[in-house]
Amino acid sequence: MYKPPLGTHQRLLVVFAVGLALARAPWSTAQQPQPTYRTRTDLVRIDVVVVDERGVPVRGLKQADFVLLDRMEPRVVDLFEEVDKPLRPPIGGGLPLSFSRDVADNQSPRLDRLVVLIVDDMLIRPYFDKVKELAKRVVAEVGHGAVMALLKTSGTDNVEVTEDIAAVLAAIDRIGTRASEAPRVPRRFGDQVSAPTLAEIRAGDASGCHFRLLEQAARMISTAELPRKVFVYITPFCGAGLEGGAPFPDSPEGGFTEFFEGLRRAGVTVYSLDPRGRLPFNLDQFRTPNIVGPEPPPNELRIRSFNPVVLSQEGLDRLAKATGGFAVTNSDDYDRGIQRLVTDLEHYYVLGFYPEVSATRRYRNLEIRVNRSDATVRVKPGYVSGSATTRPKNRDPLEALAESAVSDPSLPLRLFVAAISSAGKSVRVLLATEVRVPRAGMRQDGNALVDTYAASVFAMNSQTTRIARRVALKRDISIPLVPWQQATTVTYQVLVMLELPAASYQFRVAAHSSASGAGGSVYVTSDLSGYANARLALGGLVLGEAKATDGIAAMSLDTAPVLPFTPLFGRTFESTDRIRIWCKVLGVDRSAMTSVKGELIDAEGQVVRYRNAPIGSLPPLGFDDTLDMTLNLDGISPGAYRLRLTAAGPGLAATRETSIVVLSRARFARTAVFHAFVSSRPRSN
């Protein structure tokens, strides 16, 4: 029988470990992203996909067109909504998916859909290219319309939930490069299908389906109140009984009831893709040297219930159908399968009902019918009664805001991180948060507007899954009245300094504003590991306007500001702009730097503007080793660009880049920004 694990696969779950570490309670009273579907905690929420015989979504159905059956008994539908949100690239181009994003924005329209790629990288090398190809196809189709994460079954090189799809694509390209680090289990039928990890074997999950990984990933995103959460599972193997056991169990009697109920409560739908494609074999003539080895298999493998290939295809199919999804197996038509996935994400119905009160946990079959004879309905086939989640209050509402896998947009926030100094294995970083609040909610004190800002800043080590630093802030932000007297919203920035060991981190800021009366959160990932004992390195690029901006007020809290100008969080500019680029030169041999090259590179990889100058012709570096340069965009064609700085010296080179979009004419208004610098002593978790 399947039993929920206790702490297995922790190393595999770097992607969602921040949420687990912060979630001291599984729920909180803090505001959550909209739309939300919560009323009573025992509401059974169901995502329903309805397509016609051609696979086209059936639109325009009303609540009266549905019949919801619980154990064949009709139930009243208490929640109904038709969701129709096409996945499309941003109008006007925007940044290509392969361009990195260094600023996180919790107002992104993609924050209502989460796609987690779960890739089986414990395979023989001939499969790596196909797995990578499929993963990239999925990203290309859904990347513009969803936040994404990447989990690998080897437990290496995962990517946290992010809007920076370029980070996901880069990790896909590295599939196979670290597979030797993953534990392997020899199998009687060869090493050419995925083997369970040692952690799974010890936990009693020897099916090779990585149920522990799937279940714990679902737990990590369960607190994210998103309308749509999807796992895309790319693997050639998922079959219980590879050694001759029973077929994959997805019924209550099979012992996997709690596993599927966990996915249902988390709102997860699974879609499976088998990278083997169409297989040239049948059960009577089973000769597949690329699957089970060079010799014909034993006679028992010609029996369906003992055939590992057939069992894996059935396992993938049952896993997906039990969550309301589908599997693409024994087929080379991946384009059609991925397009079906896109269709499911774009259009679906949400139904909900309150089940009969039950004191016992029991599996109950569900069925959804529509009054269309040509319609096919895909839905989770059941639920467990008496499984409402207990949601105690969290004593710290800011921690509650930061516990979800996805940021909370209730308070508009933007965030970027820049390294500004390093020494040995230590890095000093600047966390800049931009806050937007309603002008009407601020209190006036003489000639100033005041907002009480409270925040918790978390730095989570991506490898150890531990909180390396936590900073608590509460300040009255006082802003001169004049620039904002007629404004409907006010924007200000809060800068915090942290000293950290050189490593990869996910930074989370959870904040509350008295002017807004709401709290929100925003997350960004930054790899600082390259600064450890570096000979030459560049800190993060901070962008600003080269011309003076009227109405900007500056004020220091506790210490002097580290930046000489107010940074820009937006990455969209006009072709008449001049961008100021500021960064720190780091490393033990930074004094040996002899030149700096600035380049503007278009989407085709062509350098369209550059500055290549010896260090002597640049403004002299001060004692703080700062680069402060200007880029003129005059004459630059509209489009997306990489802005890259390269520092060099004898035997030395360091590069840092960001991405920008250039527009042909003014399409947005610049606003004055109040700039506050906060210095606090970090305290360890």
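The values are calculated or read from the model by the stated rules, or taken from the named source; none is laboratory data. Bear in mind the structure is a predicted one, so any value in this text is a computation, not a measurement. Neighbour counts are summed over all protein chains in view; Cβ atoms, including those assigned to glycine, are modelled from backbone coordinates with ideal geometry.
Identify all residues within region 91-131 that are over 22 Å from LEU319 (Cβ atoms), at pLDDT 90 or above and not in a loop (DSSP other than H, G, I, E, B); write none if there are none.
Of everything in region 91-131, those that are over 22 Å from LEU319 (Cβ atoms), at pLDDT 90 or above and not in a loop (DSSP other than H, G, I, E, B) turn out to be ALA104, ASP105.
Can you work out which of the residues in region 615-634 that are at pLDDT 70 or above and among the acidic types (Asp, Glu) is nearest to the chain's Cα centre (by Cα)?
Filtering region 615-634 for residues that are at pLDDT 70 or above and among the acidic types (Asp, Glu), the one nearest to the chain's Cα centre (by Cα) comes out as ASP628.
If GLU295 satisfies every condition in (1) among the acidic types (Asp, Glu); (2) modelled with pLDDT under 90; (3) within 21 Å of LEU134 (Cβ to Cβ) but one, which is the exception?
(3)
Being surrounded by fewer than 18 Cβ atoms within 10 Å (Cβ to Cβ) and among the charged types (D, E, K, R) is the filter here; which residues of region 76-118 pass it?
Residues satisfying the conditions are ASP78, GLU81, GLU82, ASP84, LYS85, ARG88.
How many residues does region 452-481 contain that are buried (at least 17 other Cβ atoms within 10 Å of the Cβ), charged (D, E, K, R) and over 11 Å from ARG508 (Cα atoms)?
0
For region 397-490, which strands (runs of 3 or more DSSP E) that fit wholly inside it have 2 or more residues that are among the small types (Gly, Ala, Ser), closer than 30 Å to ASN533 by Cβ and modelled with pLDDT of 90 or more?
413-423, 426-438
Only one of ALA515, ALA603 is at pLDDT 85 or above and in contact with a helix residue (DSSP H, G or I) (Cβ under 8 Å, 6 or more places away or on another chain); which?
Working: ALA603 fails: in contact with a helix residue (DSSP H, G or I) (Cβ under 8 Å, 6 or more places away or on another chain).
Of the residues listed, the single one that is at pLDDT 85 or above and in contact with a helix residue (DSSP H, G or I) (Cβ under 8 Å, 6 or more places away or on another chain) is ALA515.
Please identify the pairs in which a residue from region 441-470 that is more than 17 Å from VAL427 (Cβ to Cβ) has its Cβ atom under 7 Å from the Cβ atom of a residue that is surrounded by fewer than 16 Cβ atoms within 10 Å (Cβ to Cβ) and among the acidic types (Asp, Glu), counting only partners at least 6 apart or on another chain.
Here the result reads VAL450/ASP476; THR452/ASP476, each pair linking region 441-470 to a residue that is surrounded by fewer than 16 Cβ atoms within 10 Å (Cβ to Cβ) and among the acidic types (Asp, Glu).
For region 635-645, what are the residues that are modelled with pLDDT of 90 or more and surrounded by fewer than 17 Cβ atoms within 10 Å (Cβ to Cβ)?
SER637, PRO638 - these are the residues of region 635-645 that are modelled with pLDDT of 90 or more and surrounded by fewer than 17 Cβ atoms within 10 Å (Cβ to Cβ).
Inside region 578-613, can you point out the residues that are in a loop (DSSP other than H, G, I, E, B), more than 19 Å from SER100 (Cα to Cα) and touching a strand residue (DSSP E or B) at 6+ places or on another chain (Cβ under 7 Å)?
GLY587, ASP589, MET593, THR594
What do you reckon, is LEU68 assigned to a strand (DSSP E or B), touching a residue at least 12 places away in the same chain (Cβ under 8 Å) and not assigned by TED's automatic domain parsing to the domain that holds ARG508?
Against the criterion (assigned to a strand (DSSP E or B), touching a residue at least 12 places away in the same chain (Cβ under 8 Å) and not assigned by TED's automatic domain parsing to the domain that holds ARG508), LEU68 qualifies.
I want to confirm something. Restricting to region 650-685 and keeping residues that are modelled with pLDDT of 90 or more and not β-branched (Val, Ile, Thr), which single residue is nearest to VAL437 (Cα to Cα)?
Filtering first and then ranking leaves SER659.
In region 331-366, what residues are of a type outside the set (S, T, N, Q), assigned to a loop (DSSP other than H, G, I, E, B) and touching a Gly at 6+ places or on another chain (Cβ under 6 Å)?
ASP332, ARG361
Counting only residues that are touching a residue at least 12 places away in the same chain (Cβ under 8 Å), outside any loop (DSSP other than H, G, I, E, B) and either out of contact with any strand residue (DSSP E or B) (no Cβ under 9 Å at 6 or more places or on another chain) or polar (S, T, N, Q) (or both), how many does region 71-90 have?
Here the count works out to 0.
So how many residues does region 65-92 have that are under 17 Å from THR376 (Cα atoms) and more than 28 Å from the chain's Cα centre (by Cα)?
5
Evaluate region 420-428: report whether one residue or more is buried (at least 23 other Cβ atoms within 10 Å of the Cβ), within 26 Å of VAL509 (Cβ to Cβ), not assigned by TED's automatic domain parsing to the domain that holds PRO567 and not small (Gly, Ala, Ser). Step through it out loud before you land on a result.
The initial filter retains those residues of region 420-428 that are buried (at least 23 other Cβ atoms within 10 Å of the Cβ), namely 422, 427.
Filter once more, so that each one left must be within 26 Å of VAL509 (Cβ to Cβ): 422, 427.
Remaining after also requiring not assigned by TED's automatic domain parsing to the domain that holds PRO567: none.
Within region 420-428, not a single residue is buried (at least 23 other Cβ atoms within 10 Å of the Cβ), within 26 Å of VAL509 (Cβ to Cβ), not assigned by TED's automatic domain parsing to the domain that holds PRO567 and not small (Gly, Ala, Ser).
So is LEU111 aliphatic (A, V, I, L, M) and over 24 Å from ASP527 (Cβ atoms) or not? Outline the logic, then answer.
On the way: aliphatic (A, V, I, L, M): yes; over 24 Å from ASP527 (Cβ atoms): no.
No: the conditions fail for LEU111.
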